[in-house]
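Trainee: Take this structure first; my questions come after.
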Amino acid sequence: MRILVVGGGGREHALCWAISASPLCSKLYCAPGNAGIAQVAECVEVGAEDIPGQVALARREKIDFVVVGPEVPLAAGLADRLAEAGIKVFGPSARAAQLESSKGFTKDLCRRHDIPTGAYERFTDLAKAEVYIKAQGAPIVVKADGLAAGKGVVVADTVEQALAAARDMLSGNRFGEAGASVVVEEFLAGEEASFFALCDGQHALALVGAQDHKRVLDDDKGPNTGGMGAYSPAPVFDAAMQQRTMDEIILPTVRAMAADGMPFKGVLYAGLMITAQGPKIFEYNCRFGDPECQVLMMRLKSDIVPALLASADGNLKHLDLRWSNDVALTVVMAARGYPDAYQKGSEIRGLAEASKVEGVQIFHAGTRADGNRILANGGRVLNVSALAPTVEEARARAYRAVDLIDWPEGFCRRDIAWRAVARKP
Ligand code: AMP
Ligand code: GLY
């Protein structure tokens, strides 16, 4: 098969790495890709959000199967346009992608189907939101309804912060259309986990759980980011928790979406809070997590291509995947300044040496090649990933590789997987 992966981050590098190893893949393209992806796929300069450009590329290169990485093109209808062109695609339709592109849509679905989640109300009117926030008290969570590149959530410790967030969003200043409607949600206390399930419209196949590190600094300090590291498995998300999540959250969602005429195909990513009462969902995403995808691909032993195809074809019922029992861990190296302003163009050296460390794979998240040189080209730049029998060894391997990378303009957290390490007796 001729396969095209849409996107150009670490998630897409991990997907390309796994897909390129499949005997089913005869030719792999990635658009736009990056310098690391170029080692396993032919990169084409078409932006991930350029819907007509991606469809034209798929037609021109006679692509048999498109795998879409990020949410923005899915929410904009890339899967629909490809289907209309007769091209098979992994990823949901724009209507099904509402599970990510509208937080209110998901909350309403959970309420209708008794799916465990925090109490909430939706508002477009500031005065009404203010009354509700004051009545509920803090802590409380205020969310822009639409896509906001991971910045549309304010976990407010005080009523004043929550009121300011609601004002900010509903005034249209901060997130434009995405903030024209807000969800005000109960604060859920517990430990977070990310869980992934492949869906084919009717059935769901559990993948595995992972834990992300959203804050930029060690000890979970500093502002939120797209994710500074991840590891899998997450001890808090054991087999019993996974079964409950499938039964109480994922399967009811898949059934509800099918019943409502917008069957969900692709990967459903549940952002979960493991509370004293069990797993509760605080958000869905309609794509793999980044950097969670990197640790999932490190642990996946089966060929990924038949699984992605089964999701597109409605054949997941008969599929089974094998996973390594080892721990996979990824450390994100970012450009200094991230998640605020940062510089592009600094040179990264030592990658070849670093990738020789046992069990290590280095995925590129934001790089470009300049002749033989690799230059930083984004906020999150590298995902130094390792697989090992224990979390301690995976962590040691990943940081050994990090220390061999010569990039003074970059930084990383030093405490990835601290929860799993702290849990050990
Ligand atoms: P998001 O930007 O949607 O990934 O959300 C950012 C973070 O907000 C999540 O990773 C959670 O830590 C936190 N969060 C979202 N909803 C809730 C909630 N209802 N209770 C507590 N924390 C939440
Ligand atoms: N790692 C968080 C996300 O992909 O949204």
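The values are calculated or read from the model by the stated rules, or taken from the named source; none is laboratory data. Note that this is a predicted model, so its numbers are computed, not measured. Cβ placement follows ideal geometry from the backbone for every residue including glycine, while neighbour counts extend to all protein chains displayed.
Trainee: Of the residues that make up the range 220-234, is at least one out of contact with any strand residue (DSSP E or B) (no Cβ under 7 Å at 6 or more places or on another chain), at pLDDT below 95 and over 23 Å from ARG322 (Cβ atoms)? Let's see the steps before the verdict.
Mentor: If we filter the range 220-234 for residues that are out of contact with any strand residue (DSSP E or B) (no Cβ under 7 Å at 6 or more places or on another chain), which is where we start, we get 220.
Still in the list and also at pLDDT below 95: 220.
From what's left, over 23 Å from ARG322 (Cβ atoms): 220.
Yes, because at least one residue in the range 220-234 is out of contact with any strand residue (DSSP E or B) (no Cβ under 7 Å at 6 or more places or on another chain), at pLDDT below 95 and over 23 Å from ARG322 (Cβ atoms).
Trainee: Given (1) within 21 Å of PRO32 (Cα to Cα); (2) surrounded by 21 or more Cβ atoms within 10 Å (Cβ to Cβ); (3) not aromatic (Phe, Trp, Tyr), identify the lone condition not met by SER311.
Mentor: Every listed condition holds for SER311 apart from (1).
Trainee: If you go through the range 259-284 one residue at a time, how many are surrounded by fewer than 22 Cβ atoms within 10 Å (Cβ to Cβ) and near ligand 2 (Cβ under 10 Å from one of its atoms)?
Mentor: So the count comes out to 2.
Trainee: Do we have GLY209 as without any contact (Cβ under 8 Å) to a residue 60 or more places away in the chain and touching a strand residue (DSSP E or B) at 6+ places or on another chain (Cβ under 6 Å) here?
Mentor: On the way: without any contact (Cβ under 8 Å) to a residue 60 or more places away in the chain: yes; touching a strand residue (DSSP E or B) at 6+ places or on another chain (Cβ under 6 Å): yes.
Against the criterion (without any contact (Cβ under 8 Å) to a residue 60 or more places away in the chain and touching a strand residue (DSSP E or B) at 6+ places or on another chain (Cβ under 6 Å)), GLY209 qualifies.
Trainee: Ok, one more. Would you pick out the residues in the range 1-38 that are surrounded by fewer than 24 Cβ atoms within 10 Å (Cβ to Cβ) and either within 16 Å of ligand 1 (Cβ to nearest atom) or aromatic (Phe, Trp, Tyr) (or both)?
Mentor: Once the filter is applied, which keeps residues that are surrounded by fewer than 24 Cβ atoms within 10 Å (Cβ to Cβ) and either within 16 Å of ligand 1 (Cβ to nearest atom) or aromatic (Phe, Trp, Tyr) (or both), the range 1-38 yields TRP17, TYR29.
Trainee: Please determine, by comparing only the residues of the range 187-219 that are within 14 Å of ligand 2 (Cβ to nearest atom) and not in a strand (DSSP E or B), which one is modelled with the highest pLDDT.
Mentor: Step by step, filter the range 187-219, then rank; the result is HIS213.
Conditions (1) buried (at least 22 other Cβ atoms within 10 Å of the Cβ); (2) aromatic (Phe, Trp, Tyr), marked per residue:
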position	(1), (2)
PHE196	yes, yes
GLY201	no, no
LEU205	no, no
GLN211	yes, no
PRO223	no, no
GLY229	yes, no
ALA234	yes, no
MET241	no, no
THR245	yes, no
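Trainee: Give the number of residues within the range 154-191 that are under 22 Å from ALA97 (Cβ atoms), touching a residue at least 40 places away in the same chain (Cβ under 8 Å) and surrounded by 17 or more Cβ atoms within 10 Å (Cβ to Cβ). Give the steps one after another, and end with the answer.
Mentor: Initial filter on the range 154-191 (under 22 Å from ALA97 (Cβ atoms)): 169, 175-183, 185.
Next, from what is left, pick out any that are touching a residue at least 40 places away in the same chain (Cβ under 8 Å): 180-183, 185.
After this cut, where a residue has to be surrounded by 17 or more Cβ atoms within 10 Å (Cβ to Cβ) as well, the list is 181-183, 185.
Counting residues in the range 154-191 that are under 22 Å from ALA97 (Cβ atoms), touching a residue at least 40 places away in the same chain (Cβ under 8 Å) and surrounded by 17 or more Cβ atoms within 10 Å (Cβ to Cβ) gives 4.
Results for (1) hydrophobic (A, V, I, L, M, F, W, C); (2) touching a residue at least 24 places away in the same chain (Cβ under 8 Å); (3) over 21 Å from ASP220 (Cβ atoms); (4) crowded, with 19+ Cβ neighbours inside 10 Å, shown as yes or no for each residue.
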| residue | (1), (2), (3), (4) |
| --- | --- |
| ALA334 | yes, yes, no, yes |
| ALA341 | yes, no, yes, no |
| ALA354 | yes, yes, yes, yes |
| PRO389 | no, yes, yes, no |
| ARG395 | no, yes, no, yes |
| TRP407 | yes, yes, yes, yes |
| CYS412 | yes, yes, no, yes |
| ASP415 | no, yes, no, no |
